[in-house]
Amino acid sequence: MTEKLLDVRGVTLQYRTTEHVVTATHRVSFSIYPGDRFILLGPSGCGKSSLLKAVGGYLAPLEGEITLKGKRITGPGPDRMMVFQEFDQLLPWKTVTENVVFPLLATGKLSRKEAFEKARHYIDKVGLTRAKDSYPHTLSGGMKQRVAIARGMAMEPEILLMDEPFAALDALTRRTMQDELLRLWDDTKFTVLFVTHSINEAIRIGNRILLLSPHPGQVRAELNSTDDVSHIGALETQIHDLLFA
Amino acid sequence: MTAINPFAPPRDDQFFVVPVFGENADVERPIPFWEKLWNKGWLRKCLIIAALAALWQAYGVFSDNSLLFPTFTDTMEAFRDNIVNGVLPARAWTSVRVLLIGYALGIGLATVLSVLAITTRIGNDFLETLTSMFNPLPAIALLPLALLWFGLGLGSLIFVLVHSVLWVMALNMHAGFLGVSQTMRMVGRNYGLSKLSYVMKILVPAAFPSILTGMKVGWAFAWRTLIAAELVFGVSSGQGGLGWFIFENKNQLEIPSVFAGLFSVILIGLAMENIVFRKIEEKTVRRWGMQH
């Protein structure tokens with residue numbers, strides 16, 4: 001049996017606004033194995049983004065613990081690369097290639113030459129070879145997200161954390177990006193923790209889906225996804241009923 | 001199929017067209033020469049300057065009082081003479097050198113203060129208190145005190161210069177740091193950068209538009225302060241700057257030379273703004289799409 005990669009045990013998360021202390025999640029547990037495409041799915045207010053931030057190390061759990069390969073997560077680090085929803089996650093003062101290369105060099109992971117080679121490899125993979133010397137402000141939203149994905153993958157992290165990365169894209173681009181992500185996964189079998197509020201996207205992308213109910217976020221169900229076209233509809237209805245019944 | 005609208009008449013006349021672009025179609029057409037010329041910013045600005053000079057000349061000729069208001073051509077003559085005999089370049093260099101020292105020190109100190117302010121809460125309070133106390137204080141008001149402390153010379157000038165640059169620069173830099181988006185901050189932390197390289201490699205470039213504004217305003221403040229300070233005491237170790245040049249010529253009633261001195265101040269300011277800062281902008285914020 002394979003070892004667990006990421007283990008989330010009884011995690012309660014709280015954050016403060018100026019007036020209130022809000023409980024984002026209440027004693028949430030789940031485990032991710034290597035190669036999983038693990039989805040956190042739920043309506044807004046279910047704490048899925050907070051959970052992702054906690055795994056990213058930006059938010060410390062009030063109770064429970066999160067471990068990566070048995071080691072407790074205490075802060076952000078390059079072994080958990082984040083892909084954000086926002087288009088401004090690329091550094092505007094760096095070209096596409098420089099954006100991908102920067103974390104490779106900043107963490108001292110690779111030499112200059114190796115870093116550029118790796119960057120080129122992943123930029124090719126996401127199909128941005130032609131735009132490799134462009135600055136981010138000249139790219140479309142979909143291209144920016146591709147760069148962010150290339151940047152995350154080039155680091156070859158233990159786990160890739162994606163926070164609704166396609167939510168701000170138009171429906172057509174979104175569909176293409178989902179297919180591309182799956183193709184990339186077929187190539188490299190990376191582990192990804194993916195947050196979405198779209199049932200359809202969850203079923204398309206994930207192999208395992210954690211359903212969360214809102215206020216505060218609690219586990220509602222953990223399901224296997226399907227790629228059997230005849231079962232997708234039934235699964236979609238089932239998830240819909242679980243979330244909104 | 002339910003996709004068909006039951007309320008509309010049936011439309012079976014579907015058709016497809018493959019667009020063919022005309023052989024001689026006008027896809028791309030060069031911009032006319034005059035329009036291209038008019039698009040050059042420097043040319044438009046030169047025209048404005050030429051118009052102002054013409055106005056000056058007209059008024060100078062009209063008032064016919066070379067003591068109070070010399071004409072543009074008189075000023076240019078004095079300017080040329082003073083360049084040729086080497087006085088003006090030497091004076092200008094003295095001023096610029098002092099200015100650069102004070103400016104660099106001011107920016108350096110401002111950077112230290114703003115970095116402290118963004119990384120620690122007490123640093124933040126410190127900067128906020130100091131800027132609200134000292135920013136409204138005119139640098140020149142500190143000059144008597146500076147003279148007392150540092151004597152007549154370079155030390156006093158640099159002290160007032162640093163004061164004039166520091167607060168406005170720190171204020172802008174700090175505001176720039178605060179304006180960096182949350183996403184970009186998280187990206188920086190995601191890379192696991194150290195505190196210092198996080199500031200230098202993420203915060204500084206991301207806040208660069210504000211930093212540049214601070215540098216521009218600081219530069220102007222520094223110039224004003226320096227010329228004013230030189231007018232007050234001018235000579236430092238036997239060699240005065242542009243302010244002193246102006247003061248000296250006023251005493252000798254060489255009014256065209258006074259104008260020539262002022263003209264040099266303006267020229268240096270124009271050159272700094274339109275060459276140095278412009279180049280920096282082109283290479284940075286414009287290229288990165290942070291400013292259009």
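Before moving on, here are some points about what is shown:
- Inter-chain Cβ neighbour average for residues B:188-197, partner chain, 10 Å: 6
- FRET efficiency, 1/(1 + (r/R0)^6) with R0 30 Å, evaluated for B:SER197 and B:ILE266 via beta carbons: 0.15
- In this structure A:THR176 has an accessible area near 60 Å², from a 1.4 Å probe over the protein heavy atoms.
- Tensor-based shape of chain A (alpha-carbon gyration tensor, a/c under 1.5 rounded, otherwise prolate or oblate): prolate
- Low-density loop positions, GluC sites (Glu not before Pro), region A:13-117 - DSSP coil, at most 12 other Cβ in 10 Å: A:GLU19
- A 1.4 Å probe run over region B:156-229, with the rest of the protein chains in place, finds 32 Å² accessible per residue.
- On the beta carbon distance between B:LEU43 and B:ILE101, with R0 = 35 Å, the FRET formula returns roughly 0.50.
- Put the Cα centre of region A:63-105 next to the Cα centre of region B:116-195 and the gap is 31 Å.
- Anisotropy class of region A:1-103 from Cα gyration tensor, a/c 1.5 cut: oblate
- Phi angles across region B:224-232 convert, under the Karplus curve 6.51 cos²θ - 1.76 cosθ + 1.60 with θ = phi - 60°, into 3J(HN,Hα) values of 4, 4, 4, 4, 4, 5, 5, 5, 6 Hz, Gly and Pro given as x.
- Per-residue Karplus couplings for region B:277-292, computed as 6.51 cos²θ - 1.76 cosθ + 1.60 with θ equal to phi - 60°, are listed in order as 5, 4, 4, 4, 4, 4, 6, 10, 4, 6, 4, 7, x, 8, 9, 10 Hz, Gly and Pro entered as x.
- Antiparallel bridges, percent of DSSP beta bridges restricted to the protein assembly as shown (to nearest 5): 55 percent
- Heavy-atom accessible surface of the protein assembly as shown: percent carbon and sulfur, 1.4 Å: 60 percent
- When A and B come together, around 2000 square angstrom of accessible surface is lost from both chains combined, probe 1.4 Å.
- Gyration tensor verdict on chain B (Cα atoms; rounded if a/c is under 1.5, prolate if a/b is larger than b/c, oblate otherwise): oblate
- Applying both filters, DSSP loop and at most 16 other Cβ atoms within 10 Å, to the trypsin sites (Lys or Arg not before Pro) of region B:35-110 gives B:LYS40.
- Shown in residue order for region B:249-257 are the 3J(HN,Hα) couplings computed by the Karplus curve 6.51 cos²θ - 1.76 cosθ + 1.60 at θ = phi - 60°: 5, 5, 4, 8, 6, 8, 4, x, 5 Hz (x for Gly and Pro).
- Sequence of B:LEU262, A:LEU62 from largest to smallest accessible area, 1.4 Å probe: A:LEU62, B:LEU262
- At least 50 Å² of accessible area lost relative to the chain alone, listed for region A:90-126 with a 1.4 Å probe: A:PRO92, A:TRP93, A:PHE102
- Part-to-part distance (alpha-carbon centres) for region A:129-151 and region B:240-270, which is given in Å: 53 Å
- Residue-averaged 222 nm ellipticity for chain A, from DSSP H runs of 4+ at -39500 (n - 2.57), nearest 500: -11500 deg cm²/dmol
The values are calculated or read from the model by the stated rules, or taken from the named source; none is laboratory data. Quick caveat: nothing in here was measured; it's all calculated off a predicted structure. Ideal geometry is used to build each Cβ from the backbone, glycine not excepted, and the neighbour counts take in all protein chains shown. What goes into the accessible areas is simple: the full protein's heavy atoms, side chains included, and nothing from ligands, DNA or RNA. Shrake-Rupley method; radii C 1.70, N 1.55, O 1.52, S 1.80 Å.
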